[in-house]
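Reading through the structure tokens given below for one structure.
The values are calculated or read from the model by the stated rules, or taken from the named source; none is laboratory data. Note that the coordinates shown come from a computational prediction; the quantities given were computed from them, not determined experimentally. Methodologically, a virtual Cβ is constructed for each residue, glycine included, from the backbone with ideal geometry; neighbour enumeration extends over all protein chains shown. Each accessible area value is taken on the protein alone, full model and side chains, heavy atoms only, with ligands, DNA and RNA left out. Shrake-Rupley method; radii C 1.70, N 1.55, O 1.52, S 1.80 Å.
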Amino acid sequence: MSAPAYDAYRDSGIDWLGKVPSHWSVSPLKTAYSIFGGATPKSEREDYWDGGVPWVTPADLSRLTSPFIGETLRTISETGLASCAATLIPADSVILSTRAPIGSIGIATAPATTNQGCKALVSRGGAVPSFLAYTLSIATEQLRVRGKGTTFLELSGDELGRFKMPNPPPIEQAAIAAFLDRETGKIDALVEAQTRLIELLKEKRQAVISHAVTKGLDPAAPMKDSGVEWLGQVPAHWEVKRLSYVFRTISSGTTPPSDQAAYYDGEVNWVTTGELRERAILQTAKQVSDGALRTFSALKIYQPGTLLIAMYGATIGRLGWLAAPAATNQACCAFADPVGAETRFVFRYLQAAREFIILLASGGGQPNISQEKLRSLPIPLPPMPEQAAIIDALDGQLQNIERLEGEAEAAVALLRERRAALISAAVTGKIDVRGLAPEQAEAA
């Protein structure tokens, strides 16, 4: 939507703000807000925990789907609150994560406290918290560059307090916040609709893949029990084999010591699980040297067409295949030299089987699936010509689904850009929204 500019502007003296309306002030955040740090009660004291006081952490802020925070992953008791340096802050306080990461924001819907990874900003009087929250949301990079630390960046209370912000009159702050609530709400609804469409398309995509690689293309084909509970019935003329019978080579790589520069910056691509993104891998972020290959026997070069699957952590089951020769780290399992199987068919099958693969993983904070379990993974295999026919048909079906996914993802990205641009224009005074009262806007 279009909105007029203000009548007169002046230079704010701050690069990221540029010019601001001439009647606005620009002042350190601490002039309008009191800043409170947080703390953590002793973990061994059970009476300090699971009480009635919401205890906000950066993790709570990072998972927010709205500007407001009420419930938290953990709560503390009044006794726990009194035992440490945490402060009970009032409702409508703006809470900002100031480490790991810097910049996540929420507005408290009830009295709460925070851990030491957050700062609470409490209005001194007329300042409007929602205006502050919108302003901070477009100043994330400005806040991050003010962070200090070696292990992780942290924004101190003093540095935050010195951070200069646009400061319109309170009645104008309220008008801007109300305008943004309404307009960003419309954008958020569109984003939610597109996001749901993406989820539905992904579900359809998975269902199409799963049906093709476990049931085939002929709905009239006689079926038999696969002997594998989660697979159910498969076409009677298909074989069910272990992956160890399908690939001559199933192995992984290793990671040379990171402090040995001679092992890196060579000419050999080196794949990590972060590069397994369900597509071909032509170039990697890091390369290893010939010296690394000579030193570490587990570091071997795999040829194009090799299928890779992640074995560790949150990426378990994620896939990729080599479009150029490469080595891998120890978290990637490589499947090479297939016998009686199209690698493309196995790739699609492993996509369909990812949920089952995740269930086979073991471990707590860093779950993993072993090579032995992957070797033992059953796979239904049609004859080679039928595998090729299934993949060709499947590629045709997926092309349209993936096109729609791409269009929806592009729409979400554009909507988010527009949302950020609208917030930036409003809170820095590039547009004048004072005359756009909700009633007028709805009537228009």
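Restricting to region 44-77, and then to whatever is outside any loop (DSSP other than H, G, I, E, B) and open to solvent by 80 Å² or more (accessible area, probe 1.4 Å), can you tell me which residue is nearest to G103 (Cα to Cα)?
Out of the qualifying residues, it is F68.
Would you say A174 is among the small types (G, A, S), under 26 Å from the mean Cα position of the chain (by Cα) and modelled with pLDDT of 95 or more?
no
Please indicate, with yes or no, whether at least one residue in region 105-120 is modelled with pLDDT under 95 and within 22 Å of R419 (Cβ to Cβ).
Checked region 105-120: no residue is modelled with pLDDT under 95 and within 22 Å of R419 (Cβ to Cβ).
Quick one: is Q397 of a type in the set (S, T, N, Q), open to solvent by 60 Å² or more (accessible area, probe 1.4 Å), outside any loop (DSSP other than H, G, I, E, B) and closer than 28 Å to P235 by Cα?
So Q397 passes the test.
Any idea which of R63, R74 is among the charged types (D, E, K, R) and modelled with pLDDT of 95 or more?
Exactly one of R63, R74 is among the charged types (D, E, K, R) and modelled with pLDDT of 95 or more, namely R74.
Give the residue, chosen from I171, I198, I209, I176, that is part of a helix (DSSP H, G or I), of a type in the set (V, I, T) and exposed (fewer than 15 other Cβ atoms within 10 Å of the Cβ).
Result: I171 is the single residue among I171, I198, I209, I176 that is part of a helix (DSSP H, G or I), of a type in the set (V, I, T) and exposed (fewer than 15 other Cβ atoms within 10 Å of the Cβ).
For A100, all conditions in the list (1) touching a strand residue (DSSP E or B) at 6+ places or on another chain (Cβ under 9 Å); (2) modelled with pLDDT of 95 or more; (3) open to solvent by 60 Å² or more (accessible area, probe 1.4 Å) hold save one; what is the number of the exception?
Condition (2) is where A100 drops out.
Six or more apart or on different chains, Cβ under 9 Å: which pairs go from a residue in region 222-248 that's at negative phi to one that's open to solvent by 50 Å² or more (accessible area, probe 1.4 Å) and of a type in the set (S, T, Y)? Could you list them?
R242/S376; L243/S376; S244/S376
Of everything in region 5-39 that's among the hydrophobic types (A, V, I, L, M, F, W, C) and part of a strand (DSSP E or B), which residue is surrounded by the fewest Cβ atoms within 10 Å (Cβ to Cβ)?
It comes out as V26.
Hey, could you check region 154-168 for residues that are among the acidic types (D, E) and assigned to a helix (DSSP H, G or I) and say which is nearest to V412 (Cα to Cα)?
E159
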